[in-house]
Each structure stands twice: as C-alpha cells, then as structure tokens.
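I have placed the structure first, in the form of structure tokens, so that the comments after it can refer back to it.
The values are calculated or read from the model by the stated rules, or taken from the named source; none is laboratory data. Just so we're clear, the structure is a prediction, and the values are computed from it rather than from any experiment. Counting neighbours? That spans all protein chains shown, and the Cβs are built from the backbone with ideal geometry, glycine included. In case anyone asks, the SASA skips ligands and DNA or RNA and just uses the protein heavy atoms, side chains included. Shrake-Rupley method; radii C 1.70, N 1.55, O 1.52, S 1.80 Å.
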Amino acid sequence: MPVIHVIQENKLMVTTHNLGFPRIGVKRELKFALEAYWNGSEPQEALIKTGKALRQTHWQHQNHLNHIPVGDFSFYDHILDASFLLGNIPTRSVKQNDTILDQYFRVARGRSVNDITDDNHSFAGEMTKWFDTNYHYIVPEFTNDTKFSLNPEHLLQQIKEAQQINPHVKPVLIGPVSYLYIGKTYGNRDKISLLPQLIEIYQQLLKTLAEHDVQWIQLDEPILVTELSEAWKNAFVSTYQVLNTPNINILIATYFGQLKENLPLLASLSVQAVHLDTINGFDEINPLINAITDNKIISLGVINGRNIWKSDLNAILQWLEPISLQLGDRLWIAPSCSLLHVPVDLNNEQKLDSELQSWMAFALQKLEEINILATALNQGKASVQQALDDNQSAINSRKNSDRTHNPAVRHVRSLITPELGQRKSNYAERFKKQQAILNLPHFPTTTIGSFPQTADIRKARNQFKKGLIDFKTYEAAMHKEIAFCIEQQTKLELDVFVHGEAERNDMVEYFGEQLNGYAISQHGWVQSYGSRCVKPPILYGDISRPIPMTVEWIKYAQSLTNKPVKGMLTGPVTILNWSFVRDDQPRSESCYQLAMAIRAEVLDLEKAGVQIIQIDEAALREGLPLRRSQWNEYLNWAIDSFRVTANGVQDETQIHTHMCYSEFNDIIAAIASMDADVITIETSRSNMELLEVFEQFKYPNSIGPGVYDIHSPNIPSTEQIIQLMDKAKQLIPVQHLWINPDCGLKTRQWKEVIPALEHMVSAAKHLRKNT
Ligand code: GLN
Ligand code: ZN
C-alpha cells in the first residue's frame, strides 16, 4: 500500500506519535466537572468548557510529536463516543428533550430506578473491562434492527480545535472489526452480518475526514492480539480491502499482547501503516518487518504505556537503531498503547522519595522519552547525550538498589514449597472442627467487610493523614466507628460480624501503605470508568511486612462481642492486579512475595484468636491473560499464591475468600483448588445462575451467594431473598450455604444497609424454619 502523502518535511526520519492521552486531567478536572454537572451544581456549558480546555492542554503537551491524537478525549468513554459517531444508540435511551450530551450520559449511566414511573427511566449500557486493563467501556449493543448512520459533527469539531494547534492531527477510533467484536447482540443477529453496513459508515467517515485535511486515521484493532475464529480473520481482510480511501492513510493499531498467528494477517491488510506493541510483542518486531512486503509504515510501541517506570532508553536504542536504518522514514515510534492507563505528570508528585521518583515516568515523561529516542535516531545520540546519560543513571540506580533486591525477602520467598499451601486436613474434617467451635446455624448470615464510609470517617482519616490529629485521637474515632458497626450487627442478629473497614480508604492502598516495597503517589490517578478514577499503589521493590497491619483493629472489634468477627485481608493476587507493578521481575515473583507477607498477617490474626479470616480476591479473574493458551500459567502461580497466603492455618480456623464481578465457568477447578472454607460471590444480578457451575463441578466447600446487589440503593425484600436462596438450595447442599450481600457496603448509606440486612436476616430465619 503506497502511503498517499508523506507529510513529514524532513524525509528519511523517524516519525513520532501517540495513540491516546489520559483525558481526566492532572488534577482530575474532568471528574469534578462531570460530577458538578450531574448533580446539577454546574450548567452543561461549564462541562463543555472544561472539556475544551483539557483538550487544548493535552494537545499543547503533545505538540512536540509529529502527529497528535484527536478523538481520544471523551466525556465518559471513547467506545461510547464511537457508538454515537456510528449512530448506534440503544433505542431505549433515545428520549425527546434530551440534549445530545444528556442522551450520551443516559446510555453511560442510565437513570435511577427511582425515576422508573416517569418517562425518564432507562437502563445504562453494560460496562465491561477493556481487555486486561482496569478501564471499563460501555458495551456496544446490536439488535435485529441495528442500523448505523454517521454523526461526525462532534469529532469534526475536535479536529478543527486540534488543527489550530497542530495541522498534523490523527483521529483515533476503534476499528470496525473490533467494534463489532467487543459488542453484544440481542436477538439472533450475527455480528459479522453487520459488517458491510458498518464499513459503509466508516467509508463515509474517512471520506469526510479527508475533506477536512486529515491525512492519517488510527483505527484500533486490539482484538488482533487474541485468538480469533476464521470468520473474524476473514472479516479483517474484507473490511480493509474496501476501507481504503483516497487521500487518507490508515494506521491499524494493535496492543496489549502478541499477534502470534494473526501476524501474517495484520501484515497483509491493505492499509498504510501498522502499530505493534513491542513491550508485549518484542519477538514479533522482526517477523512483522519481514512479513511486510508492500512498504507499509511500521509503528513500534517502544515505551510501555501501561506502567509508570522509566524506559531504558540506551537499551532501546541498541535494537532500534538498526531497525531505523533499515526502515528509514517507514519507522514511526510511539508508546505501546494509549496513555489512558497511566497518570498524567510525575512532576506533580511532592511526596515521593526522590530516589523512587527518579525511576518513574508518567504520561508526559513517557512522551518526552519518545522525543529523546526520536532525536537520537534522527540527529545522532550525541545530540541528546545528557538525557541518555541521566536515563542510564536512573536505570542503574534502580537495578542496583537494595530496595529492589532485599536478601531477607528473597530468602523468605525461597521457602515456598507446595506444602506451604496445603491445609492440614480435607474440607469435611475441617468443617466438623470449625463447627464444633463456631456452632453456626444453617444459612449463616454475614457481610463482605465494609460498612458505609460516612463523611465523618473520611474526615478523621484525612485529618490523620495530614497530621492534623494524632494517632490516639484517630484511633478513638475509628474505635467509635467499629463499636457502632458491632452494635448494628448485634441488633441485626447477624451470625458472623465484620469490623467495617473504616480505617481503609481502599482495599489495596491500605496494604500498600504498610508494606515495604510499596509507594503511594499523591496524584497518580487513572480513569476506571466515567468520572471514577483509581490511584494504584506502586509496587516498586521487594515486599515485606514490617509489623502487623490489621490485627489491632480486629482484636478491638472482637473485644466488643461474643459473635465471631472476621479478620479482613486483601489477597496477594488482587493486591498485585490493582497495583502498578515492577517490570524488572516476573509478576509471579512479586505475587509470591506478597503471598508471604499476607501469610504472616494471616498467622498473626490466628495467633490473636481470630477464628475466621477472609482474604478477598476480587481481582483474580481479571488478571487472566488475553489468550486462553496462557491461562494455565497465570492460574498456577496466582492460585498457588493464594494457597500459600491462606492455607498455613490450623483446621479450626475458617478461611473465607470473596470475589465480585466474576464468572466461574472456565476457572472452577482453579477456584476449587484454592480450598477456601467459604467463598462469597456476587450472584444476585445473575439470578443465582453463577451457582450452576459449582453444582456441576460438585464444588465441595461452602458458598455464600450474594443475595442482593450492593451497587443499587434498592432495598431487597425478604421474599426476594428467600426466592433467590430457594434457587441456591437446588444447586448447593444446604449445610454449605451462607447468606450475604454481593459485596462490601462502603458505598451505601446506613439507611439503606439496615433494612436490607434486616430482610436478609429474616429470610435466613425463614429458611431455617422451612428447610
Ligand atoms: N472486603 C471488601 C469490602 O467489603 C471487599 C470489596 C470488594 O470485593 N471489591 O469492601
Ligand atoms: Zn466484592
């Protein structure tokens, strides 16, 4: 495919670009503007103005690149933007009187069930994780009536804005094949049958863009790093054959994994450029170059767009220089994927230890790395020698630091054997011994850990963090909260209590703050969905636990009641999967180190007399690799890590684990081999269907299927809960069934929690009488 026009002034040079920029803003300006609009305190114009200002700033930041991305900014989600661009809006969300933006938020967020009687009510689009990231997109919906139509105004507007800053704009959009693939169908519509219609819209779009002086478009086709059926592979060929449009060049971007068997397919597509993620697909660089026979441009993602570490620029140049000589102006460089997944600017961090900070790079620093590499390639290394030397010293400092290589931690890690993850007796034996002590009724009732995080709680935590109150005052405030939770649970007559997690801002950061080998940034926010951001703690070094992290809080809670209070921990796999993780050793190694640290906590809790210990593994499933062929490898070390963490206890100690938003069909054997005495899972929205696989597998241990959805303010009735449990009873032996909500209650209010749990307990009482 000949490139239609080479827009570079200086030929035979490497070109720089970016696949996407974080949209939330350095200070989370977008989050606050969205929430102000949603709660009515600011008008729509204010939000629009903030969006525009953010885009301007982001383009200015990227102006040193040869191409700047446009269309990567979004008020909620770029896949939902694509659905609007392509005219694919669920009919239930189309309401008269809505502005386009309101219609957009209606699909993104739905309208509260409280409005169900009025015409405003509608369900939100489904939200799903974007590949193996923690970003969630709104799933495109296809029905038998789906018809596409082009609505390019919003995108064109942004293109115009961007062109005023830099004429070399490159719109970024999900490719048609991936767009269909990641959507869901209602009715009997076969997704691929929609392709011809969809391609027509893309053709119209490309033509329109060309008319607006756009020379390149980036079409993201990340499904090319997954296992595809023949039909989908063929869809790629036919799509790109017809998409070719005069006066505009197409760059197909792939990322997050290896192309493997799809490499020849990508190489053969009739487009002008392809992008390869060299962080995941380093071994595929040469095969891809060799497979391309038609002079396509090759864009290499040379800087990791998913982590917060500096790249080893000298090492990259070593392998990149020969490629640059070979490809000349056919080489582009960029981050491996969109920078959506990293925080904006490291220079905002005031409190990180300076050595650690010198090892890191956020989005702006990563783009600067691209700049340094390009300059080295285009003008010779000498022109950026200082920058390369500085980079080298940072890389060396990290490599040689005893914080990343702590012999004591390495010794503890080396003690891991399969026996360490093995309970002393089988479940049936343990069940008897535990029952002899706990003496729980049938259908024991419990909650998942957190109780409402009130304004008072947050205030006390913040004041303590800022040093405005001393530990004694803080401790007293937390004790008051714990006592309140215990009192409520006593009144509710729950069987197994929790302390309520008031002292935890977040189930991972809480442990990150206390473990050696972890750092916490001040502003390292990353968008999770819509206005929601997470601040993953940074696992930079060898992990150890200087002192117990949770024991005193649980002991205090237990001192207030005779009912068992669960010790509450986050498991190693979840801590790992929700952190930024070091890239200088396999993830499995960091996970095993975490496992030994949390294991020590488990054993300390047991020593303190805690009878029941819950180890949450909410993020276990989402760590699964994109390709199924790699699942076993992950599950082996992930499940092993959990076993090492949990299973060193005596038979009498009851281990619980909790998993939300999970499907278990394809991982049930791994789940069973964790051997937790009780697993609590989110099931209410699936109407207990998730339990079927536990039945088929003859899952031997106990299960607490969630009986109500904690995401919604709705209060379940006793009858609803009984109905769900009647279903559960048909699948799981009654002596193995617990009753609990779907997940923790921290986002709810007490006025919702109390009646919901009252109904849950009365359902349990009813079931005990009638079973
Ligand atoms: N124990 C945690 C809580 O209740 C679990 C949260 C989760 O699974 N996401 O908040
Ligand atoms: Zn949960």
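With every protein chain present, what is the per residue accessible area of the stretch 678-758 (1.4 Å probe, Å²)? Write out the running numbers ahead of the final one.
Values: 3300 Å² over 81 residues.
With all protein chains present, the stretch 678-758 gives 41 Å² per residue.
With semi-axes defined as the square roots of five times the eigenvalues of the C-alpha gyration tensor, the equivalent ellipsoid of the stretch 191-340 measures 27, 18, 15 Å, largest first. In the stretch 474-612, the C-alpha radius of gyration followed by the widest Cα-Cα span (Dmax) gives 16.4, 51 angstrom. A convex hull fitted around the alpha carbon atoms of the stretch 619-686 yields 85 Å³ per residue. Computed over every Cα-Cα pair of the stretch 718-761 and binned at 10 Å starting from 0, the pair-distance distribution P(r) comes out as 24, 49, 23, 3 percent. Between Gln357 and Gln392, the modelled labels are 2.5 nm apart [label points 7 Å from Cα along Cα→Cβ]. Volume of the convex hull of the stretch 179-245 (Cα atoms only), normalised per residue: 96 Å³.
Shown here is the pair-distance distribution of the stretch 432-514: with all Cα-Cα distances grouped in 10 Å bins from zero up to the longest one, the shares run 16, 40, 27, 14, 3 percent.
Taken over the stretch 638-743, the alpha-carbon convex hull comes to 104 cubic angstrom per residue.
For Val644, Val412, give me the order by solvent-accessible area with a 1.4 Å probe, most accessible first, ignoring ligands, DNA and RNA.
Numbers: Val644 5, Val412 60 Å².
Final ranking, largest accessible area leading: Val412, Val644.
Distance distribution P(r), the stretch 392-467, all Cα-Cα pairs, bin width 10 angstrom from 0: 12, 15, 16, 29, 21, 5, 0 percent.
Helix-derived [θ] at 222 nm for the chain: sum -39500 (n - 2.57) over DSSP H runs of at least 4, divide by residue count, nearest 500?
Working: 27 runs with 315 residues, N = 771.
Taking each H run of at least 4 residues, the total per residue is -12500 deg cm²/dmol.
Answer rounded, prolate or oblate for the stretch 520-597, using the Cα gyration tensor with square roots of eigenvalues a ≥ b ≥ c: rounded when a/c is under 1.5, else prolate when a/b is larger than b/c, else oblate.
Values: a/c = 2.55, a/b = 1.50, b/c = 1.70.
In terms of gyration-tensor shape, oblate.
Our note on the geometry: Cα centres of the stretch 437-481 and the stretch 158-217, 49 Å apart. For the chain, the residue among Gln585, Val693, Leu745 whose Cα projects farthest onto the positive side of the dipole built from Cβ charges is Leu745.
Leaving out ligands and nucleic acids, note down the accessible area per residue over the stretch 424-530 with a 1.4 angstrom probe, in whole Å².
I get 44 Å² per residue for this part.
Quick check on the chain: of the DSSP beta bridges with both residues there, what percent are antiparallel, nearest 5%? It would help to have the intermediate numbers written out before the result.
Values: 10 of 63 bridges.
Expressed as a percentage, antiparallel bridges in the chain total about 15.
How fast does the stretch 662-718 diffuse by Stokes-Einstein, in µm²/s, taking the Kirkwood radius from C-alpha pairs at 20 °C and 1.002 mPa s? The partial results should precede the final answer.
On the way: Rh = 12.2 Å.
The estimated diffusion coefficient comes to 176 µm²/s.
Which order do Arg398, Arg28, Arg532 take when ranked by solvent-accessible area (1.4 Å probe, heavy atoms of all protein chains), largest first?
Details: Arg398 25, Arg28 50, Arg532 115 Å².
Ranked from most to least accessible, the order is Arg532, Arg28, Arg398.
Surface analysis of the stretch 186-295 yields an accessible area of 38 Å² per residue, using protein heavy atoms and a 1.4 Å probe. Put simply, the Cα atoms of the chain extend 79, 63, 51 Å along their principal axes, the longest span coming first. Annotation for Ile520 and Glu45: the two label points, set 7 Å from Cα along the Cα-Cβ direction, are 4.1 nm apart. Accessible surface comparison of His58, His154, His523, His78, probe 1.4 Å, protein chains only, largest first: the order is His154, His523, His78, His58. The Kirkwood radius of the stretch 373-503, taken over pairs of alpha-carbon atoms, gives through the Stokes-Einstein law at 20 °C and 1.002 mPa s a diffusion coefficient of 100 µm² s⁻¹. Here the mean projected area of the convex hull built on the C-alpha positions of the stretch 274-313 is 3.1 nm². Rounded to the nearest 20 debye, the dipole magnitude of the stretch 709-769 is 180 debye, with +1 charges on Lys and Arg beta carbons, -1 on Asp and Glu beta carbons, and the Cα centre as origin. When N is the residue count of the stretch 471-556, what does its C-alpha Rg come to as a fraction of 2.2 N^0.38 Å? It is 1.33. With a cut-off of 18 Å on the backbone N, the residues of the stretch 651-676 near the modelled label site 7 Å out from Ile437 along Cα-Cβ are 651-657, 676. Nonpolar atom fraction for the chain, defined as the carbon and sulfur part of the 1.4 Å probe accessible area, stands at 51 percent. For the chain, the relative contact order works out to 12 percent when only alpha carbon pairs closer than 8 Å and six or more residues apart are counted. Note on the stretch 107-249: Cα convex hull, mean projected area over all directions, 11.0 nm². Here the label points at Asn636 and Val237, each 7 Å from Cα along the C-beta direction, are separated by 3.6 nm in the simple model. Summary of the geometry: the stretch 71-89 and the stretch 502-517, compared by the centres of their Cα atoms, lie 35 Å apart.
What is the ratio of the Cα radius of gyration of the stretch 532-656 to 2.2 N^0.38 Å, where N is its residue count, to two decimals?
Numbers: Rg = 15.5 Å, N = 125, 2.2 N^0.38 = 13.8 Å.
Normalised by 2.2 N^0.38 Å, the Cα Rg of the stretch 532-656 equals 1.12.
This model, with +1 at the C-beta of Lys and Arg and -1 at the C-beta of Asp and Glu, gives the chain a dipole about its Cα centre of some 900 debye.
Entry for the stretch 133-215 at q = 0.14 Å⁻¹: log10 I(q)/I(0) = -0.59, Debye formula applied to identical alpha-carbon scatterers, no solvent contribution. Taking 45 Å as R0, compute the FRET efficiency from the Cβ-Cβ separation of Gln204 and Lys698 and round it to 0.05. Efficiency, rounded to the nearest 0.05: 0.25. With only Cα atoms counted, the stretch 685-771 has Rg and Dmax values of 12.9, 39 Å. Which percent of the Cα-Cα distances in the stretch 18-84 go past 20 Å? Counting pairs separated by more than 20 Å, the tail of P(r) holds 31 percent.
Ratio of alpha-carbon Rg to the 2.2 N^0.38 Å globular estimate for the stretch 118-160, to two decimals, please. Present the calculation step by step, with values, prior to reporting the outcome.
Working: Rg = 14.9 Å, N = 43, 2.2 N^0.38 = 9.2 Å.
For the stretch 118-160, the normalised Cα radius of gyration comes out at 1.63.
Derived scalar couplings between HN and Hα for the stretch 259-268 equal 6, 6, 5, 8, 4, x, 4, 4, 4, 8 Hz in order, rounded to whole Hz, by the Karplus curve 6.51 cos²θ - 1.76 cosθ + 1.60 (θ = phi - 60°), x for Gly and Pro. What is the distance in Å between the Cα centres of the stretch 128-148 and the stretch 577-619? Cα centroid of the stretch 128-148 versus Cα centroid of the stretch 577-619: 33 Å apart.
A dipole drawn for the chain from +1 and -1 charges on Cβ atoms has a positive end, and of Ala253, Val177, His766 the residue lying farthest that way is His766.
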